[in-house]
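So the structure is just underneath, and the comments pick up after that.
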Amino acid sequence: MRLTRSSIILAVVGVLLIVAAAVVRFVVVPSVTKLPEDLDVTLRFEGTYNGINPAALSGGGGDLLASDVPIQATRQVEAEDVDGDTELVRRTDVRTVGDGEPAVTEVVFNVDRETAEAGPAPDGAEDVTDAEGLVFTFPVDPEPESGVYTYWDQYTLQHEDVTYLGEDTLGGRDVYLYESVADGELADPDALGLPASLPKSLAALAPGLAESVDPELTANLDAIVAALPEEVPIAWTSQTTTRVAADQELGATIAGGSTQVITGTLDFGGYPVVVTFATIEVDSTEDSIEERGGDVGDDSSLLNLIGTILPIVALVLGLLLLIAAILLAVRAARRTGGSPRDRSGAGSTAAA
């Protein structure tokens, strides 16, 4: 075999293509499956509000009870800063109940770009929430099992186990269905416009709104109400069931929703009165699901191109060029007359 300039060039290019295939598959692909540095996703929701009219509690008038009031909501998740394998992500929720003013809640999380789980705030980052568990998406190739993940609940500042419910197809994408339930003391009632206390005149209505009341309280209600302070404190609790439909391949949220039940507990002279203040239920709109499914489908196609098709094409071309280089070298050797022994024998015969 005799190496020619052409065979050397083909061999070098072939090796470079094989190396490029390995780099793309084992270096580039893992990097593009992390949370993107330009992350910017918006989901849209609709639902209903049932419960006590907040305006009535604040003295704004209107009916005391509100039923099936429409809700429009959005959630935007966008990257603010990236530091290696972690990313500061701002989650902005905007919720409008009926004709009311939009309520805006902003939270910044420090998220692991590979696991999609939030963690402690970086040193000196005062506006970043210390959190645990998932906060808006699942990781790539999520596990279809219960107890593998936890989900963060901002209302109670706690994380709870995620339960796997099954499979579905939404927005043209195969998804896993998950659910997480967080139940506890409401961390920031003021952020939801909830009062810390009620005037005695309004608090006196609570026993009539509660599902159950101690019989002794009912029998002595007038006397107990008369002895209440002018402002009766309320202890607020929240139970939120979060639902997520995560893409089976990329883990991205295709659709989601939540049901939040807010309850208030008032102390009537040693008798706790628990009132369901509101039930707030929202789910992704059909348009949002279709749009999100299309975007995730595009991301999946791009990942398939980068992670599968390009490495295979580069590997096959590289091997073909190496084979071509070997064939050229063999062909060149044959053109020069074969082996040294053959050339030596031919010279002896000529001399004779």
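Please treat every number below as a calculation from the coordinates, not as lab data. What you are looking at is a predicted structure, and each value in this text was computed from that prediction instead of being measured. Neighbour counts run over all protein chains shown; Cβ positions are idealised from the backbone, glycine included.
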Check: Between E101 and E78, what is the label-to-label distance in nm when each label sits 7 Å out along the Cα-to-Cβ direction?
Finding: 2.3
Note to self: Given the options G264, T74, L205, identify the residue whose Cα lies farthest towards the positive end of the charge dipole of the chain (+1 on Cβ of Lys, Arg; -1 on Cβ of Asp, Glu).
What the structure shows: T74
Notebook entry, point to check: What ranking of R113, R173 emerges when the number of other C-beta atoms within 10 Å of each C-beta is taken as an exposure proxy, fewest first?
Noted result: R113, R173
Check: Can you give the extra length, in nm with one decimal, that the chain gains between A333 and I9 once fully stretched, where that is 0.36 nm per residue apart less the Cα-Cα distance?
Finding: 115.0 nm
Checklist line | Karplus (6.51, -1.76, 1.60) ³J(HN,Hα), θ = phi - 60°, over region 142-150, in Hz, Gly and Pro reported as x | finding: x, 7, x, 9, 8, x, 7, 10, 10
Item checked: Along the chain, longest interval not containing exposed GluC sites (Glu not before Pro), exposed being DSSP loop plus at most 16 other Cβ atoms within 10 Å -> 231-352
Next item on the list: Quote the FRET efficiency, to the nearest 0.05, computed for N304 versus T276 with a Förster distance R0 of 51 Å and r equal to the Cβ-Cβ distance.
Entry: 0.60
Margin query: For a quick check: sort S301, S288 by the number of other beta carbons within 10 angstrom, fewest at the front.
Written below: S301, S288
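Rounded to the nearest 500 deg cm²/dmol, what is the calculated helix-only ellipticity per residue at 222 nm for the chain, with -39500 (n - 2.57) per DSSP H run of length n ≥ 4?
-8500 deg cm²/dmol
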Margin query: So if I place +1 on the C-beta of Lys and Arg and -1 on the C-beta of Asp and Glu, and nothing else carries charge, what would the dipole magnitude of the chain be about its Cα centre? I want it in debye, nearest 20.
Written below: 3880
Note to self: Tell me the label only: which of (1) 68, 45, 36; (2) 60, 40, 40; (3) 139, 40, 33 is Cα extents along the principal axes in Å as calculated from this structure?
What the structure shows: (3)
Margin query: I need V15, V274 ordered by Cβ neighbour count within 10 Å, fewest first.
Written below: V15, V274
Next item on the list: Using the charge dipole of the chain (Lys, Arg: +1 at Cβ; Asp, Glu: -1 at Cβ; taken about the Cα centre), state which of T241, A196, A329 has its Cα farthest towards the positive end.
Entry: A329
Notebook entry, point to check: Quick one: Cα centre-to-centre distance for region 267-313 and region 137-216, in angstrom?
Noted result: 15
Next item on the list: Report the calculated FRET efficiency for E230 and T92 (r = Cβ-Cβ distance, R0 = 35 Å), to the nearest 0.05.
Entry: 0.35
Check: Could you give the nm distance between label points at D190 and D295, where each point is 7 Å from its Cα heading toward the beta carbon?
Finding: 3.3
